[in-house]
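The values are calculated or read from the model by the stated rules, or taken from the named source; none is laboratory data. This one's a predicted model, so the numbers in the text were calculated from it and none came from an experiment. As a convention, Cβ positions derive from the backbone with ideal geometry for all residues, glycine included, and neighbour counts pool all protein chains shown. These accessible areas exclude ligands, DNA and RNA; they are computed on the full protein's heavy atoms, side chains included. Shrake-Rupley method; radii C 1.70, N 1.55, O 1.52, S 1.80 Å.
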Amino acid sequence: AMRKQVRFRERSRERNEFFKERLSDLYGWPILLGDQYEHVYVLDLHTNFEPDELDLAFNDGYKAVVIKAAGTGGLFSTPKDRALVPKIERFTNDGRFVAVTSRILRAIVDRTYEVNRRSEEAGAVICYDMHSELVIAKAELAAGIADTPEDFRRLMLYNFEDEVNEYLIPPWERT
């Protein structure tokens, strides 16, 4: 129990240092993000899904999209008119952000399947075993703070309170 308390205190200290410069103004007062939280579009994939939904999110000016896939490798890659990777690439090339998670409770979205690797190469953030509702909350925070896709990725993969299994994240991506 004592070891967990020490780890909790260390994490708390790290978190405060990490966010102090990002969430405070020159005088140390917290920055209110306001309506920036409303710039995340949640895309729940299902069998009758139309990829044009991602185009609608693009045209409506959303800053980030969270794709809730149907399992570990649940992104559509065939037929070509329903493939999501080109749409993800269009979204990220415009300076916007995409996160991919699973809507199934204990599924892990990782690099096992080719479609996940291709979506990551297109600029999406793979969220591993994070709960989908938590991914939405983190995406709202990250979209409000991040200026670059790398900042968005770092914030999404930052392990606040052990919400993601750190052993699933490759060492070069851990923050």
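What the table shows:
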{"item": "Candidates LYS87, LYS80 - the one that is closer than 20 Å to PHE152 by Cα, free of Cβ contacts under 8 Å to residues at least 60 places away in the same chain and of a type in the set (Lys, Arg)", "result": "LYS87"}
{"item": "Test result for VAL42, assigned to a strand (DSSP E or B), at pLDDT 85 or above and over 15 Å from GLU120 (Cα atoms)", "result": "yes"}
{"item": "Checking LEU56 against (1) hydrophobic (A, V, I, L, M, F, W, C); (2) touching a helix residue (DSSP H, G or I) at 6+ places or on another chain (Cβ under 9 Å); (3) at pLDDT 80 or above; (4) open to solvent by 30 Å² or more (accessible area, probe 1.4 Å), the condition it does not meet", "result": "(2)"}
{"item": "Residue under evaluation TYR37, criteria (1) open to solvent by less than 70 Å² (accessible area, probe 1.4 Å); (2) in contact with a helix residue (DSSP H, G or I) (Cβ under 7 Å, 6 or more places away or on another chain); (3) of a type outside the set (Val, Ile, Thr); (4) modelled with pLDDT under 65, criterion not met", "result": "(1)"}
{"item": "Residue count, region 71-93 (criterion: open to solvent by less than 20 Å² (accessible area, probe 1.4 Å), in contact with a helix residue (DSSP H, G or I) (Cβ under 8 Å, 6 or more places away or on another chain) and either in a loop (DSSP other than H, G, I, E, B) or more than 23 Å from ALA137 (Cβ to Cβ) (or both))", "result": "3"}
{"item": "Residue pairs meeting the criteria (Cβ under 9 Å; at least 6 apart or on separate chains; first more than 19 Å from GLU10 (Cβ to Cβ) and among the hydroxyl-bearing types (Ser, Thr, Tyr), in region 154-175; second surrounded by fewer than 17 Cβ atoms within 10 Å (Cβ to Cβ) and at pLDDT 80 or above)", "result": "none"}
{"item": "Enumeration of residues in region 132-174 that are in contact with an Asp or Glu (Cβ under 7 Å, 6 or more places away or on another chain), part of a loop (DSSP other than H, G, I, E, B) and surrounded by fewer than 19 Cβ atoms within 10 Å (Cβ to Cβ)", "result": "ASN159, ASN165, LEU168, ARG174"}
{"item": "Residue in region 94-113 that is open to solvent by 10 Å² or more (accessible area, probe 1.4 Å), over 22 Å from GLU53 (Cα atoms) and in contact with a His (Cβ under 8 Å, 6 or more places away or on another chain) present", "result": "yes"}
{"item": "Among (1) basic (Lys, Arg); (2) in contact with a strand residue (DSSP E or B) (Cβ under 7 Å, 6 or more places away or on another chain); (3) open to solvent by 70 Å² or more (accessible area, probe 1.4 Å) - the single one LYS68 does not satisfy", "result": "(3)"}
{"item": "Selection from region 71-89 of residues that are under 25 Å from LEU134 (Cα atoms) and at pLDDT 80 or above", "result": "LEU84, VAL85, LYS87, ILE88, GLU89"}
{"item": "Condition broken by ASN116, with the remaining ones in (1) assigned to a loop (DSSP other than H, G, I, E, B); (2) polar (S, T, N, Q); (3) open to solvent by less than 50 Å² (accessible area, probe 1.4 Å); (4) modelled with pLDDT of 80 or more satisfied", "result": "(1)"}
{"item": "Residues within region 40-53 that are open to solvent by less than 50 Å² (accessible area, probe 1.4 Å) and over 15 Å from the mean Cα position of the chain (by Cα), tallied", "result": "3"}
